[in-house]
Amino acid sequence: MSHTFIFQEGLWTGKGLYIDDDGHSIPCESKIRTTHRAEKWLHESTMKLSLEDKVVVIQNISEIAPFDTDIDYTRWESKTADIGTLLGQFVIVHDSIFSLCTSRDSAFQGSEVFFKINDTSYKNRGILVRRRTKVSSWTMELTKIA
């Protein structure tokens with residue numbers, strides 16, 4: 001199965017729910033842009049959480065090592081202000097792209113999956129934990145717009 005998310009340059013939007021550590025579901029929207037360069041792919045994401053009195057924005061830029069021909073996994077790295085450096089892998093399993101990561105200091109671990117619906121739609125589910133305690137989880141519907 002061929003994938004379009006991450007594997008093709010493009011802009012995606014998402015709508016869904018962010019679930020905090022207390023189990024509160026917060027409406028959220030996202031924009032994700034993937035750009036390919038010869039030596040690395042850039043994966044830029046912004047998630048906006050609509051709280052009662054304000055909007056919280058979470059931004060992330062990941063550098064992805066391009067997939068080698070006939071290899072179903074690769075590595076990625078991102079740096080965030082709150083967590084520090086995250087080191088991860090993307091692994092392809094048929095209709096899904098799994099993302100696994102840990103922070104450089106091993107305090108945080110995360111897991112995310114992108115289920116392909118069709119070339120312009122994916123379902124996304126993810127979780128972030130800190131020292132075995134849930135920090136957040138999310139569920140998103142992603143749509144390619146460009």
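We did not get these values from a lab; they are worked out from the coordinates using the rules stated. Just so you know, these numbers come straight off a predicted model, no measurement behind them. Note that each Cβ is placed from the backbone with ideal geometry, even for glycine, and that neighbours are counted across all protein chains shown.
Here the range 25-76 and the range 84-146 have alpha carbon centers that stand 9 Å from each other. Taking the Cα centre of the chain as origin and assigning +1 to Lys and Arg Cβ atoms and -1 to Asp and Glu Cβ atoms, the resulting dipole is close to 140 debye. Computed from backbone phi with θ = phi - 60° and the Karplus coefficients 6.51, -1.76 and 1.60, the 3J(HN,Hα) list for the range 21-29 is 5, 9, x, 6, 8, 10, x, 9, 10 Hz; x is used for glycine and proline.
Each Lys and Arg contributes +1 and each Asp and Glu -1, all at the Cβ; summed about the Cα centre of the range 1-65, the dipole is approximately 360 debye. Taking the Cβ of Arg130 as the centre, find all other residues whose Cβ is under 11 Å away and add up their charges (Lys, Arg: +1; Asp, Glu: -1). Its environment carries a net charge of 0.
If you take all other residues with their beta carbon under 14 Å from the beta carbon of Ser111, and give Lys and Arg +1 and Asp and Glu -1, the sum is +3. Positive end of the dipole of the chain (Cβ unit charges, origin at the Cα centre): among Ala146, His94, Ser45, the Cα lying farthest that way belongs to Ser45.
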